[in-house]
Amino acid sequence: MSAGRADHGRGEPTPDQPAWLAAPSGQPVRVTDTTLRDGSHAMAHQFTAEQVRQVVAALSAAGVPVIEVSHGDGLGGSSLQYGHSLVDEMRLIATAREHAGASKVASLMIPGIGTRRELREAIEAGMQVVRIATLCTEADISEQHFGMARELGLEAVGFLMMAHMRDGDVLAEQALLMQSYGANAVYVVDSAGAMLPWQAAERVAALKAALDVEVGFHGHNNLGLAIGNTLAALAAGADQVDGTLRGFGAGAGNAATEVLAAVLDRAGMQTGLDVFALLDAAEFVVAPLMPFQPLPDRDGVTIGYAGVYSTFLLHARRIGKQLGVDPQEILIELGRRKAVAGQEDWALDVALELAAAKAVSS
Amino acid sequence: MSDARSRVKVAILGSGNIGTDLLYKLLRREGPLMPALMAGIDPASEGLARARELGVETSADGIDAVLEDPELRIVFDATSAKAHVRHAQLLAAAGRMAIDLTPAARGPYVVPPVNLDEHVSEPNVNLITCGGQATIPVAYAIHRVAPLDYVEMVSTVSSVSAGPGTRQNIDEFTFTTAQGLESIGGAKRGKAIIVLNPADPPIIMTNTVFAVPRAAPDELDEPAVTRSLREMEASVQRYVPGYRLKSDPVFERRLVEGRERAVVSVPLEVAGAGDYLPRYAGNLDIMTASAVRVAEVKAHHLMNGQVGA
């Protein structure tokens, strides 16, 4: 197993100042719910318009300020590489807008997958916030897209994915690029669910120190730390955080929005969320539509431990089944090869090699 | 080596990494091409200094230097899309052949093993994108035995091999490659995805082509598809030795837009020749190697006196 051990930073808390353990200062915090985007991965991109209508109505009634809706891999993500959407995401965005009330509708876009063409279509469909995501070292591929968002008066949030791979200094440099392109906020995104609380705090603190705009944190629960890391990020000054109802997202899922609402309320933070309405939404709207409950199981923890992209989960399972290879082996090997966000096709590549190696040795 | 009279003088416009790799490739080959000039616009550029060391004439006067010497029949343009728009007009007016490695696309797209024959006497041809050069041959190889409804390519390149031009214009990579998959690859609809990977040491360029043939899963002639792909691999290897399919194609049945369809997945890798650019930068190498291949065929054509035929 040691071969699969990730080499991501293992920053230790400074003994005199464990900022990640501090109580958040009670700053107002904006919670974005991404059940209908991150959950799209767990749903294999099969959300229906009716499901979107129900989830959006419930989130909006519970006071969630921003609701993200799109293919899991963002605008234009419908593909053989990532899975085709059952329903055109533009239709889902329009449905969301229709039922979102005072909540804003957001979508993700990943340069290299989506383009300004889909960005424009999504704006026409009713998207009000675009979250532009790049790998945490590649922010300079997003200039065109922030430029367009700014031109069209859209709120634009930067997403630095796989942020466990680099420390706060590198992330702050990249975040500054996004800020210079016009980002209204930049997120530290733990796409692999590989961070420990003080690592989340260190990265958020670095962005807070460097940026004029707001800072966010998006977690995954692969190591069982989504809520804990989110609290640590808030203690380090994060202004925005993400959740999904029931934690329904890629890999072992995300910080559950309803749990976050309860915890942040207990922490004395101003979220504007209705805890009981979110508990109902999770229990009665989202749980019944989920094909499975994401959790830190064998494959889920492996993703966090190996530091690979959470969305590889279902792809590794599908391809593993087809070629007779243990998905855990595929995930570990992907980590060893330093596969990054978007490289689902490497799961096939790796599985073919593992299957061939097995055939030779048996 | 053939004597100067049986060779065609060529110029390289642009003294960056691509221009320099082109020069190394040309100097290493015993073909019909004679690299007679490298023209840049920065007299202090490293590329021009290297060319001088290698005994090749250089100029910092850019396109003007190329236009001055009427014997420079073929011109590789490794500058930028914006510059090429201007160069294309000037070169055409001066009766020179241009091989465009920028995304300007003033002339038709060319992928050597697929459609070079159609464009040998074309005054200006464009090489699409690195991902296009790597994956359009695969799409076409499937299409010629099993016509395609849809084809999608995913290209992963090392972060260090993606220059500022690509980074600032990543949407254009996507659009242009998708268009090439359709117009030359043959698919009714094409889609392109590019991923940059910052791993160190840098990864070799890898691509996956996913193709959906029109034929129903039961009617697809899988052995014919595999044969056609292996033949195409050999054709590309003639000018890009580091090009290889990483395995036989994988045939699956998948739900595509509500219908069960045959899906052919082809993983492939492009290692560079390491002429000047590092081996991992197969994405850049396949552009310069394709450009040289196109120029060689054009040069033979010129020497056979078929210009304007």
Okay, helix-only estimate at 222 nm for chain B: each DSSP H run of n ≥ 4 adds -39500 (n - 2.57), divide by all residues, round to 500 deg cm²/dmol; what do you get?
-11500 deg cm²/dmol
Simple Cβ-charge dipole of segment B:183-251, Lys/Arg +1 and Asp/Glu -1, about Cα centre, in debye nearest 20
280 debye
In chain B, helical segments from DSSP H whose Cα atoms cover 27 Å or more along their own axis and that average at least -1.0 on the Kyte-Doolittle scale are B:282-303
What residues qualify as long-range amide H neighbours of A:Thr35, i.e. H under 5 Å apart, gap of 5 or more or another chain, H built at 1.01 Å from N?
A:Glu68, A:Leu245
Give the separation of the Cα centroids, segment A:182-211 to segment B:119-143, in Å.
42 Å
Using Cα springs under 10 Å in a Gaussian network model of chain B, which residue among B:Asn126, B:Asn283, B:Asn17 shows the largest mean-square fluctuation?
B:Asn17
Can you compute the charge dipole magnitude of segment B:4-106 about its Cα centre, using +1 on each Lys and Arg Cβ and -1 on each Asp and Glu Cβ, nothing else charged? Give it in debye, rounded to the nearest 20.
380 debye
Explain nothing, just the number: dipole magnitude of segment A:24-289 about its Cα centre with +1 on each Lys and Arg Cβ and -1 on each Asp and Glu Cβ, in debye rounded to the nearest 20.
140 debye
Hey, what's the Cα Rg ratio for the protein assembly as shown versus the globular rule of thumb, 2.2 N^0.38 Å?
1.01
If each part is reduced to its alpha-carbon centroid, segment B:266-305 and segment A:24-41 end up apart, in Å, by 48 Å
Which is farthest toward the positive dipole end of the protein assembly as shown among A:Ala233, B:Val297, A:Ser107, measuring Cα position about the Cα centre, with Cβ charges +1 (Lys, Arg) and -1 (Asp, Glu)?
B:Val297
Checking B:Asp200, B:Asp275, B:Asp69 against a Gaussian network model of chain B (alpha-carbon springs below 10 Å), the top fluctuating residue turns out to be B:Asp200
With unit charges on the beta carbon (Lys/Arg positive, Asp/Glu negative), name the residue among B:Tyr109, A:Leu354, A:Val286 whose Cα is farthest towards the positive pole of the charge dipole of the protein assembly as shown.
B:Tyr109
per DSSP, antiparallel bridges as share of beta bridges in chain A, % nearest 5, sits at 5 percent
Helix-only [θ]222 nm of chain A, DSSP H runs n ≥ 4, -39500 (n - 2.57) each, per residue, nearest 500:
-12500 deg cm²/dmol
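Where the eigenvalues come from the Cα gyration tensor of segment B:3-93, what are the semi-axes √(5λ) of the equivalent ellipsoid, largest first, in whole Å?
With the √(5λ) rule applied to segment B:3-93, the semi-axes are 19, 16, 11 Å.
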Checking the a/c ratio against 1.5 first, then a/b against b/c, what shape does the Cα gyration tensor give for segment B:56-118?
prolate
Using a 10 Å cut-off around each Cβ of peptide A:80-91, what is the average number of partner chain Cβ atoms that fall inside?
3
Check which residues have an amide H placed less than 5 Å from B:Met34's amide H, if you skip close sequence neighbours.
B:Val8, B:Lys9, B:Val10
Kindly write out, for segment B:151-160 in residue order, the coupling ³J(HN,Hα) from the Karplus curve 6.51 cos²θ - 1.76 cosθ + 1.60 (θ = phi - 60°), rounded to whole Hz, with x marking Gly and Pro.
9, 9, 10, 10, 10, 10, 10, 5, 4, 5
Taking H placed 1.01 Å from N in the peptide plane, check which residues at least 5 places from B:Val120 or on another chain put their amide H under 5 Å from its amide H.
none
Short version: ³J(HN,Hα) in whole Hz for each residue of segment A:338-354, in order, from phi by Karplus 6.51 cos²θ - 1.76 cosθ + 1.60 (θ = phi - 60°), x for Gly and Pro, what are they?
6, 5, 10, 3, x, 8, 4, 5, 5, 4, 5, 3, 5, 5, 4, 5, 5
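Rg over Rh of segment A:311-361, using C-alpha atoms and the Kirkwood radius, what does it come to?
For segment A:311-361, the value is 0.94.
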The protein assembly as shown: antiparallel bridges as % of DSSP beta bridges, rounded to 5, reads 30 percent
Highest-fluctuation residue, A:Pro291, A:Pro197, A:Pro327 considered, GNM on chain A with Cα pairs under 10 Å:
A:Pro291
Segment B:162-240 versus segment B:32-100: alpha-carbon centroid distance in Å
30 Å
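Bear in mind these aren't lab numbers, they're just calculated from the coordinates by the rules spelled out. Just so we're clear, the structure is a prediction, and the values are computed from it rather than from any experiment. Cβ: placed from backbone, ideal geometry, glycine included. Neighbour counts: every protein chain shown.
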